[in-house]
Amino acid sequence: MKSSSGTNPLPTDSNSAAQATGLGTFGGVFTPSILTILGVIMYLRFGWVVGNAGLIGTLAIVTISTAITFLTALSVCAIATDKVVRAGGAYYMISRSLGIETGGAVGISLYFAQAVSVALYTIGFAESVVNAKISIFGSSFNLQSWGLNQTYVALIITILVGILAITSAELAIKAQYFIMAAIAISLLAFIFGTPLPGVEPQWLSAPPETALPFWTVFAVFFPAVTGIMAGVNMSGDLKDPIKSLPTGTLAAVGTGYLIYMILPIFMAMRADSASLIDPDVFVMQETAFRGLGFTMLLGVWGATLSSAIGSILGAPRVLQALARDGVLPPMFSWLGRGHGANDEPRNGTLVSLAIAIAAVGVGDLNLIAPILSMFFLTTYLVLNVSAGIEGFLQSPSFRPSFRVHWSLSLLGAIGCLWVMFLINAFATLCAAIIVSGIYIWLQRRELETTWGDVRRGMWMALISQGIFQIEEQEDPKNWRPHILVLSGAPQNRMPLIELADGFSHNRSLMTVSSVLTSGSRDLKRQQKMERTIYEYLRKKGIRALARVVTADDPFEGAVKLVETYGLGPLVPNTIVMGDSERPESRAAFCNAIAEIHASRRNLVIFHENQQQGFGFRRKIDVWWGGMQANGSLMLLLAYLLRTDINWNNAKIYLKLVVPNQAAAAAAKDNLNNFSQNLRIDVIPQVIVADGRPFDEILQQSSGNSDLVFLGMAAPSADFTGYYEKLQVRVAKLPSTVFVLAAPDFAFGEVLTE
C-alpha cells in the first residue's frame, strides 16, 4: 500500500466529501435488496411451495433459507464495517480480503451473471405481459388477443431499463420506489382478500401424496431470498457505506423473512393443496380483495422490473471496479471511467446493455440460467470465506465495528455450498470450472496491487507448508509484531517476556534470545541452554522459540543476532529489550540501539518499575505525538496488549499536550474524531501545558498509571546524552515502554485500514 505523508498528526476523512451527495441507506441498499427478495418466486411459485411442503414445511423452508442469507449478510456487515467499501460491492470486498485473483475470478463471473440477468428479468416481464389475463372490478380482458411479440416487448423494456440506468442511478432508485409501492399494494390486496370458494383450506389437510420432496421444494424457493447483492453492488454510490451496507442489508433480510413467514399462513387458510400446486391457478390473484386481483400482475411486473433495474445498476459498477484495478486487460481500461459528479459508469452500462440485448435476442436462457444462479451463490460463498478467514487470523488491521465470529461465516459458506449442490450439481460444477479458469488466468498475469490482503496471514498460519509463498515485503494489511526478545536468562527478565508475549498473543512469531560470552563457547552448552529456555517458557504458558548465540560483547552479539536471525522473509521486525541502567555500559547500549534502528527494525525498550511491576494492569497511557510512525506503533502495541487476557480490563488513555487553552478545543475535537474512527476503544485526553515543562506534566498525569508508552527519537549525535535524560525523565514513573519505529513503514495505514 502507498504510505501517506505530511505533518498533520490527525487524519482527515477525504472520502466523506466525495460521497456527500451519495445515496442513503433506504434508497441505496434497502430498496434494491428488498425488491429483489420480494420477486417473481413470491408471486408465481410461493403458492406451489405451500401446496407441496405444507404450512409447517414452508415455514421451515423460509427459515432455513433466510438463515443462510442472514449468515452471509453478517459476513458482509463485518467486511463493510472494517473498511470503506468503494465501487464494486462484493468484488471490492473479496479482492481486498482474499486478493485480486480471487476477487477478479468472482467479480468477472458476477458481472456477466448480472448483465445476462437483465435479459432473464425482462424476458420474464415480457412473457407475463403477453400472456396476462386482467380482471378489474368485474371487467376482464386477455392481452393474448393483442398479438404482442414477446421478444420485441423484452427488447423495448431492456432498452428502457438501460436508458434509465444511464440517465442516473438516483433516478433509477426513485423508479424503484413506485415499484415498491405497487408490490406493497398487491400484498395488502392479498392479505385482505377472501378464500377460494368451495375448497378445504390447505392447513386443515396434509400435502397430497404426489407432493415433491422437501429438499426439492427448498431448492426451488431458495433463490427468492438471495437478493442482498443488489444493495451491496451500490457501495460506490452510497453516502456512508460503512453505516448503510449493514443497516440496509440486515433490514432487507429481516423484512423479507417477516413477509415470507406471513404469506404462507394466508395461503394455507384460503386454498387447498391442489389449487396451490395447479400452474393454471394464480392463487394470489384469485384470492385478492374483490376487484383488486390485477394488482398481483402489477406486483409481478414490478418484481421483474425492479430486479432488472438492480442488475443493470449493479453490473456496470462491478465492471468499472474491475477495470480500475487492472483485472481486465489494458485495452478495456476505458470501462473504468466515471461520468458526472457521482462517477457513474456510463461506459460499463452501455456494454452491459449490449450484453443484455444480445441475450434477449437469443431468447431461451433456460440452459444458462442455473449457472448464473451458481455465480451469485459463489459470490455469497466467497464473501463468507473472506469474513471467516479475516476473523480467524485476527490481524490487527481487521477491526470491524460489527463483529462476527469466524465460525458463523464458515457456517454460512458451508450452507451456500450445500445449497449450490442441492439446487443443481451440474451447474455448480460448471460455475466452479469457469471461476477456477479465470483465477488461473489472473494468477498467470501476476497482477500487482496497492493494497494488502489476508494471504500473508494465511501463509504465516501455515508456515511449514507455505514458507516460499510469503512476500518479502510486509504490508500494513497483515502487519503484526514478529518479536525477538533480547532477554538473557528468562528467569531474571520475566516481566520483559510477559510484555512481549502480550504483544504476540501466540499469533505471531516470538523468539526469546540470550548471548553467551565467547569464553564459554560450547555448542552442546548452547543447545542445552536453548532447550532449557524453551522448556521454561512452555511451563509458563508462553509459546516462543529460543535462540542462544555467543559473542565477545553482549551488545555486539545482540546486534549480530538481529541482523542474521530469521528464515527468508520470516525475520523479527520488532526487537524487545530491557533498559540498561549501568553507566559503564550505557554507551555500548546506545550504540546497539543505533545499529538495530539502522537495520530497519522496530525497537521496544522496557524500563521496569521493579517495585510496582505492571500494577493492577488497568490503565495504559499512550503519549500521542501524531500519526507519525512512533505514535501509530505505540497505539498498535497498546491495542494488542489490551486484547491479552491479563490486560483485558485495561483502558487506553491517548494523551496529547497543547501549549494553551486556545488550542485545546480544536485539538480535543480532532482527537475525539480520530479515536472514534480508529475502531480501538481509547479515551482521548487533551492536556493544556500553560507553560509547564513536559516532564512535570508527564509525572502528574501518568504517575498513577500501570504502563506508559513514550516515543523515542531516532539515534543521532550525542544519543547517549539524550538517552540519559530519557532515563531521568521516567525514573519515578510506573513501568514505561520506549518505542522507536522502523523507518519508512506505514504504521498509520495499519490503524486507518
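The values are calculated or read from the model by the stated rules, or taken from the named source; none is laboratory data. Just so we're clear, the structure is a prediction, and the values are computed from it rather than from any experiment. No Cβ is skipped: glycine too gets one built from the backbone with ideal geometry, and neighbour counts run over all protein chains shown.
What the table shows:
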item: Only one of Phe747, Phe738 that is among the aromatic types (Phe, Trp, Tyr) and more than 30 Å from Ser585 (Cα to Cα); result: Phe747
item: For Ile683: the one exception among (1) in contact (Cβ under 8 Å) with a residue 12 or more places away in the chain; (2) more than 30 Å from Lys477 (Cβ to Cβ); (3) not in a helix (DSSP H, G or I); result: (2)
item: One residue from Phe141, Phe190 being of a type outside the set (Gly, Ala, Ser) and modelled with pLDDT of 80 or more; result: Phe190
item: Qualifying positions in the range 672-687 - polar (S, T, N, Q), touching a helix residue (DSSP H, G or I) at 6+ places or on another chain (Cβ under 9 Å) and under 18 Å from Val658 (Cβ atoms); result: Gln685
item: Some residue of the range 657-673 being in contact with a Phe, Trp or Tyr (Cβ under 9 Å, 6 or more places away or on another chain) and not in a helix (DSSP H, G or I); result: yes
item: Pick from the range 539-568, criterion aliphatic (A, V, I, L, M), part of a strand (DSSP E or B) and in contact with a strand residue (DSSP E or B) (Cβ under 9 Å, 6 or more places away or on another chain), ranking: farthest from Ile645 (Cα to Cα); result: Ala551
item: Selection status of Leu59, assigned to a helix (DSSP H, G or I), over 26 Å from Leu411 (Cβ atoms) and at pLDDT 85 or above; result: no
item: Candidates Leu393, Leu411, filtered to the one that is assigned by TED's automatic domain parsing to the domain that holds Ile100, closer than 22 Å to Leu71 by Cα and modelled with pLDDT of 80 or more; result: Leu411
item: Strands (runs of 3 or more DSSP E) contained entirely in the range 569-650, each with at least 3 residues that are in contact (Cβ under 8 Å) with a residue 40 or more places away in the chain and more than 17 Å from His482 (Cβ to Cβ); result: 602-607, 619-623
